[in-house]
Protein chains: 2
Amino acid sequence: MQERARTTRRSLLEAAAQLFAEQGYAGTSVNDISARSGRTSGAVYFHYASKEGIALAVVRDRFATWPQLTARYADAAVPPVDRLVALSYDIARALAEDPLTRAGARLWAERATIDAPLPDPFALWTAAATRLLAEARHAGHLAAHVRPAPTARTLVRAFFGLCSLTEALEGAATVTDRLTDWWQLTLPSLRAAAPGGQRRDGEPAGEWAPTPVSRRNSRPS
Amino acid sequence: MQERARTTRRSLLEAAAQLFAEQGYAGTSVNDISARSGRTSGAVYFHYASKEGIALAVVRDRFATWPQLTARYADAAVPPVDRLVALSYDIARALAEDPLTRAGARLWAERATIDAPLPDPFALWTAAATRLLAEARHAGHLAAHVRPAPTARTLVRAFFGLCSLTEALEGAATVTDRLTDWWQLTLPSLRAAAPGGQRRDGEPAGEWAPTPVSRRNSRPS
């Protein structure tokens, strides 16, 4: 693709994501996307064929960045459960602040009104969580009953419900605190208990607080 | 209110709930409600003033039944945490099967498109969960770090996310199994550990399976 075409596609995509996040799918017209991006409506139809087409592209583009995001959590020096927790804070921040992620979540919520099948926006999160839990299991950090794949599925759905309901009921600024409440309730069950009812590292259950992976690397692109 | 007016209001409300649950708010017109209920559009406007009015009535009506539902979970002979778990299965079943509950959840998801402020549909669940957790705490059944009100808030949001995403991704028939996965991951953290790393009653963490309160009483009205 020519550089100029790529720039046009990108500016249309970002304008559409902002509008979908702010006004929803039904509340956004091709004319709105044209006005916000400073391009013509013809450019929208030329590059994305339809409003459905640009909505799908917004959701897919967001997916394209998850592998990069999760690659940051490959540092074997950090225990895998800690990397999983750090990843959840980064995704929560993206859900609160990043227009493409916000647009993806809102388009998902409004999927019944979109005349195109959206890809499952949770598949990549679940795959990343499964991988980290499998590493943790291998390292002996998980409680005996915790199986990586079903646990990842459960965690991702509960996590997404927690973030989206918290934002709706209390505002985005509260999400990090509520996520900490949730991990405090969830981690003791997840982690292997050392003999004597103490947690790994001698931490008592529930006293845990998140220690994010290096902040330098934690911002989603 | 006259008996005949009450019957009319009820049939309009039930028709509207079915339609909102099936087609969503934007996809349902006053004419649809009139056709489904066999009443005139004039009856909709007379009793509920507008489509917004009947949507609010659907959400409020659902609320009116929660106190009855939660009153069934007052049996002091059953441990309060077990009652909380049983209540969650009943709410999950209502979310999967009961048109008024389904309509309430869908109207909540589509609240941005409704020109009226919907009441918070989670406040009553959270109040019921807080009460049961406070009872459990009083009875010494909770882990030391579990405070009833914030824990109830966390549980309700994670629970609702789990149920709604599971239904969306896998269908309503799977919700009960996923809810069991979630409780297995959540209950060990919630419950007081007996000395020696064993759970209360000598159950090892994670071996727990739900024992619903009497099925006779478990169907929401």
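The values are calculated or read from the model by the stated rules, or taken from the named source; none is laboratory data. Owing to the predicted nature of the structure, the values given are computational and were not obtained by experimental measurement. Here the Cβ positions follow ideal geometry from the backbone for every residue, glycine too, while neighbour counts run over all protein chains shown.
Scan region A:20-65 for residues that are of a type in the set (Ser, Thr, Tyr) and under 20 Å from the mean Cα position of the chain (by Cα) and jot them down. Within region A:20-65, A:Tyr25, A:Thr65 qualify.
Close contacts from region B:61-76, counting a first residue that is under 18 Å from B:Arg102 (Cβ atoms) and hydrophobic (A, V, I, L, M, F, W, C) and a second that is at pLDDT below 70 and surrounded by 15 or more Cβ atoms within 10 Å (Cβ to Cβ), with Cβ to Cβ under 6 Å and a gap of 6+ residues or different chains, come to B:Leu69/B:Pro220.
Scanning region A:144-163 for residues that are more than 7 Å from every other protein chain (Cβ to nearest Cβ) and in a helix (DSSP H, G or I) gives A:Pro148, A:Ala149, A:Ala152, A:Arg153, A:Leu155, A:Val156, A:Phe159, A:Cys163. Considering only residues in region B:122-143 that are within 13 Å of chain A (Cβ to nearest Cβ), touching a Lys or Arg at 6+ places or on another chain (Cβ under 9 Å) and buried (at least 21 other Cβ atoms within 10 Å of the Cβ), the one that is nearest to B:Ala17 (Cα to Cα) turns out to be B:Ala129. Restricting B:Asp181, B:Asp177 to residues that are facing chain A (nearest Cβ under 7 Å), farther than 22 Å from B:Ala139 by Cα and either at pLDDT 90 or above or surrounded by fewer than 15 Cβ atoms within 10 Å (Cβ to Cβ) (or both) narrows the list to B:Asp181.
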